[in-house]
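For reference, the structure is listed below as structure tokens.
The values are calculated or read from the model by the stated rules, or taken from the named source; none is laboratory data. Predicted, not measured: the structure shown is a model, and the values here were computed from it. Please note: Cβ atoms are built from the backbone with ideal geometry, for glycine as well, and neighbour counts cover all protein chains shown. Protein only, heavy atoms only, side chains kept; ligands, DNA and RNA dropped before computing areas. Shrake-Rupley method; radii C 1.70, N 1.55, O 1.52, S 1.80 Å.
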Number of protein chains: 2
Amino acid sequence: MGLTAERVTLVGAELADEVGLEHVTMSAVARRLGVKDASLYAHVRNLDDLRGRIALLAADEKTVRIAEATAGRAGRDALVAYANAWRAYAHECPGRYTATQTPMEIDPELVARATGPRRAIELTYRMLRAYELDEPDLTDAVRLLRSTLHGFVSLEAAGGFAHARPAEATWARSLDALHTLLENWPAHPTEGDST
Amino acid sequence: MGLTAERVTLVGAELADEVGLEHVTMSAVARRLGVKDASLYAHVRNLDDLRGRIALLAADEKTVRIAEATAGRAGRDALVAYANAWRAYAHECPGRYTATQTPMEIDPELVARATGPRRAIELTYRMLRAYELDEPDLTDAVRLLRSTLHGFVSLEAAGGFAHARPAEATWARSLDALHTLLENWPAHPTEGDST
DNA sequence: GATATAACCTAAGGGCTCTAGGAAAGGGGT
DNA sequence: ACCCCTTTCCTAGAGCCCTTAGGTTATATC
């Protein structure tokens, strides 16, 4: 009793973490809510809409986690806290996390109301301020950081790392590497062709 | 006429590039082959099996591309060629690429016959040999490299980079950064807590 | 020529998405 | 007290997809 878009989204998110985002289905969500499939369409436009809402919810949650983790920290400390919060979220909420990363068109009106993605970007730029990079280096650094973190957890989730060496160890080394890289950011792009 | 598992897989791969891996469906593949859905089951166990075969095909193709691109190169040249071949494959064959990255259980017998994944690893280790890293640093470097490349193209595909600065420029800088990072690989892991 | 095998078919069950239209319950105004 | 309206959920049903079972035809084998 008392369905709302939020409740539907939340159940969808839980389901995504349990069985994978691709198995989040209208029927399954309805089943879990003790309701018929058709009833969901009063609160959510369709399956894609639901997935978009899950993505936005996840983006918000992830941003909050990172914000809490980095609060009051700076420099290397902040970087490590940022990265660990990112990875922890991906581990705890795999379905939600992949939702944030799945390319899809989300209702622009919903996006406008969501604060997560915007805040995430500000947060990242602020966190990197300690490294004193100027544009466009700052943007490049933000992108490289996001690429590395996302790539790592994504490969990890896909089972891309053989068991030989614990992923944990590689993670620590990677953060080290990222930190020293940010501190010694190559001053000028070598004008070599990279095409 | 003359369906084979290979032909089904190939059509599936084409379809994946055109409409996205998640829209590769038995019906769609059958339609494109001018055949009834049920006929495919003589050559492919089921939809998951088909997707697994696409993934293996893609892994092979990507490995070949990278091998060709890096042949006869070393050091920075090899790194740039490797990375560009990786990214080019992801751009040209987005559906196949995401297949390589989708976590799924593939028929072990098929995996055993696929040379792509194995070769890819050898290739990467060989390519990084110029940087003269010892284990376990070498493994960490391989993982970091793969993380960064995959993360970048993945974010790029998901529309994660706003249009402000061309992704191309960030890519070039990132390769620079990766190169200098590999040349000055931090000697010893700082024993800081990263948990 | 008889038989086995491979390649493809029709038929059918069951799950999922989504639309259309209906019943029941609560609130507001008169 | 009554009416109406809105909300919330329902049933019914069309359409697509996955998958199995069992039949048909053509080709290869003996």
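With r as the distance between the Cβ atoms of B:Asp77 and B:Asn184 and R0 = 22 Å, compute the FRET efficiency 1/(1 + (r/R0)^6) and round to 0.05. After rounding to 0.05, the efficiency reads 0.75. Each semi-axis of the equivalent ellipsoid for the stretch A:16-106 is √(5λ) with λ an eigenvalue of the Cα gyration tensor; in descending order they amount to 32, 12, 11 Å. Taking GluC sites (Glu not before Pro) in DSSP loop conformation with at most 13 other Cβ atoms inside 10 Å as exposed sites, chain B has its longest uninterrupted site-free stretch at B:1-104.
Helix B:5-19 axis versus longest C-alpha principal axis of chain B: approximately 70°, rounded to the nearest ten. Based on Cα contacts under 8 Å between residues 6+ apart, the stretch B:36-195 shows a relative contact order of 26 percent. For peptide B:135-148, the mean count of partner chain Cβ atoms within 10 Å of a residue's Cβ comes to 6. Every helix of 4 or more DSSP H residues in chain A counts as -39500 (n - 2.57), and over all residues that averages to -22000 deg cm²/dmol at 222 nm. Of all lysines in the structure, not one has an alpha carbon short of 26 Å from that of B:Lys36, not counting any fewer than 8 places away in one chain. Expressed as a whole percent, the accessible surface of the protein assembly as shown that belongs to carbon and sulfur atoms is 53, based on a 1.4 Å probe. Leaving ligands and nucleic acids aside, the B/A contact buries around 3700 square angstrom of accessible area in total at a 1.4 Å probe radius. The alpha carbon gyration tensor of the protein assembly as shown gives principal lengths a ≥ b ≥ c with a/c of 1.5 or higher and a/b no greater than b/c, which makes the shape oblate.
Kirkwood hydrodynamic radius computed over chain A comes to 18.5 Å, based on all pairs of distinct alpha carbons.
Charge dipole of the protein assembly as shown (Cα centre as origin; +1 on each Lys and Arg Cβ, -1 on each Asp and Glu Cβ, all else neutral): 800 debye, rounded to the nearest 20. Placing a label point 7 Å from Cα along the Cα-to-Cβ axis, A:Thr115 is separated from the same position in the other copies by 5.7 nm, shortest listed first. The rotation axis taking chain B to chain A passes closest to this chain B residue's Cβ, listed with the gap in Å: B:Gly151, 1.
Placing a label point 7 Å from Cα along the Cα-to-Cβ axis, B:Glu168 is separated from the same position in the other copies by 4.5 nm, shortest listed first.
The other copies place their B:Gly34 label points at 5.6 nm from this one, listed shortest first, where each point is 7 Å from Cα along Cα→Cβ. Normalised per residue, the accessible area of the protein assembly as shown is 49 Å², obtained with a 1.4 Å probe and no contribution from ligands, DNA or RNA. Rounded to the nearest 20 debye, the dipole magnitude of the stretch A:5-183 is 360 debye, with +1 charges on Lys and Arg beta carbons, -1 on Asp and Glu beta carbons, and the Cα centre as origin.
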